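Working notes for the structure below.
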Amino acid sequence: MTRRGRILAWTGGVLGVVLLAGGGIGVWAYIQLDGNIRGGNIDVDGQRPANLSPGSKNILLVGSDTRAGANAKYGKGLTTMQSDTLMVLHIAANREWATALSFPRDSWVRIPACTRGNGSKSTPHRFKINEAFSIGGDTGNTPKAASCAIKTVEQNTGLRIDNFVTIDFQGFKGMVNALDGIEVCPKHAIHDKKAHLDMDAGCQTVRDEKALGYVRTRYSVGDGTDLGRIGRQQEFMKALGKKAQEKLTSPGDLYDFLTAATKSVFTDQDLKGIKPLTSLASTVKDIPSDRLTFVTVPNYYREVDVPTDHANVVWQYPQATQLFSDIAHDRELGAAGKKKLAEAAKSPVTAHSVRVRVLNGTGTSGQAAAGAEALRILGFAVTGTGNGPATNTTTITYPAALKTQAEVLAAHFPDAKTKQSAEATPGEVTLTVGPDFTKDAVR
């Protein structure tokens, strides 16, 4: 159950409702807890990915650090909702395996136009993936925050999201406190003003603000990246799930745990309530631990492509493309797949290493220059521009030796045609811009 515990804890009390099913708390408590769970209609506008694996489920899980109410102390001057943890839980159609896919919050991605809380539309742009939740939630509107987060994940991955669950900071603290704290064992002392945390090295039990600070700390531990924080959060959730199963044996303790969890949960309308969350938890609980796979989107530091950017990561292609395709088509990653990703991560084919010539196949002046500009922003090495043969769709051609480089480029043009050509310029991949090209559509 250690791996299950990580997912179940982040779903904001799903672990608790599984325990509730056999905990004997009673009808009154069930009704009270069921009423705590908030939900709403999530309306994702625009074109959405097709469901390529009917029967499977993709659930977007968000750990939210909204600055409303008691959470205000965690962000000076922040008025919008924030997403601290973002992952997609894919449950296979046959319910025999699952994959939990984590997105580093510093992932530099395209944020599509989203509806803000006041009804206005944001402008498409590139930024950290966690900004999507705050754009939609600029007035504290969780359904709009969820809609923008879902839209961003869908457009950057091609995955169709079926359900949504979020839990905020206060619920996390309440669950930890109901368990009388969680033991952690930092190797070094931690002093992080942003996370409100001062800790000595060595094993110790943390609760309340210290527990929250431990999972939020970033800049004062290790290399200061979000990738390290993801690992600490997963380990903490592992310990939380294990202790919950061991400790929550009395109705009183269980009720306190569930009250904290359910009051901080927001779901889409289909998952709202104890019953649907119990069904979800039971499904995950029945999956063998060796077939519950945790993976982070393959990535590398963006400064490799854009030397001035020291703060973000970009996804590693074509590995990320293949991973998204496997999930979309309900194909299991498993240990072998994780090992393959780990090997590829040692020598990524970066955007900067891909030389691209951009040609205009539209007959409309300026399109090659626009395509070249979009590629330079992504870090690609543009070798030149010019006019090319007329084409009905954007096309990528490449010599046989540059198949992987062409796949890296194609990841940013998901609707483009890709073909190997004996006439392609050696050492270069050629992008011929068609009438379907727009800068805003470049992934």
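Just so you know, all these numbers are worked out from the coordinates, no wet-lab data involved. The structure presented is a predicted model; accordingly, all values stated were derived computationally and were not measured. Using ideal geometry, Cβ is built from the backbone for each residue, glycine included, and neighbour counts are taken over all protein chains shown.
At a 10 Å Cβ-Cβ cut-off, how would you order V433, V44, fewest neighbours first?
Working: V433 28, V44 19.
Ranking V433, V44 by Cβ neighbours within 10 Å, fewest first, gives V44, V433.
Match the structure shown to one of the listed values (1) 21.7; (2) 20.3; (3) 37.3 of mean projected area of the Cα convex hull in nm², computed from it, and give that label. The calculated read-out lines up with (1).
Within the shell of other residues whose beta carbon sits under 15 angstrom from the beta carbon of T395, the net charge comes to -2, with Lys and Arg scored +1 and Asp and Glu -1. Between helix 14-23 and the chain there is an angle of about 30 degrees, using the helix long axis and the longest principal axis of the Cα atoms. Which percent, nearest 5, of DSSP beta bridges in the chain are antiparallel? Among the beta bridges of the chain, antiparallel pairing accounts for roughly 50 percent. Helix 142-157 and the longest principal axis of the C-alpha atoms of the chain enclose an angle of approximately 40°.
Excluding same-chain neighbours fewer than eight residues apart, the lysines reachable from K121 by a Cα-Cα span under 19 Å are K144, K151, K439. Among the DSSP beta bridges whose two residues both lie in region 351-441, what percent are antiparallel, rounded to the nearest 5? Antiparallel bridges make up about 15 percent of those DSSP assigns within region 351-441.
In this structure, the residue pairs whose Cα-Cα separation is over 18 Å, taken from K57/K242; K173/K210; K247/K275; K57/K263; K128/K417; K57/K285, are K57/K242; K247/K275; K57/K263; K128/K417. Here the residues Y30, Y317, ranked from fewest to most Cβ neighbours within 10 Å of their Cβ, fall in the order Y30, Y317.
Taking K and R as +1 and D and E as -1, what net charge do the other residues with C-beta under 12 Å from the C-beta of T383 add up to? Net charge around T383: +2. Taking every alpha-carbon pair under 8 Å whose residues sit at least 6 apart, the chain reaches a relative contact order of 18 percent. Look at W97, W108, W315, W28 and count the other Cβ atoms within 10 Å of each Cβ; fewest to most, that gives W28, W97, W108, W315. Does anyone have the angle between helix 27-36 and the longest principal axis of the chain? Alpha-carbon axes, 0 to 90°, nearest 10? For helix 27-36, the angle is close to 40 degrees.
Under 5 Å between amide hydrogens, built in the peptide plane, is the criterion, and for V206 it picks out I182, E183, V184 among residues at least 5 positions away or on other chains.
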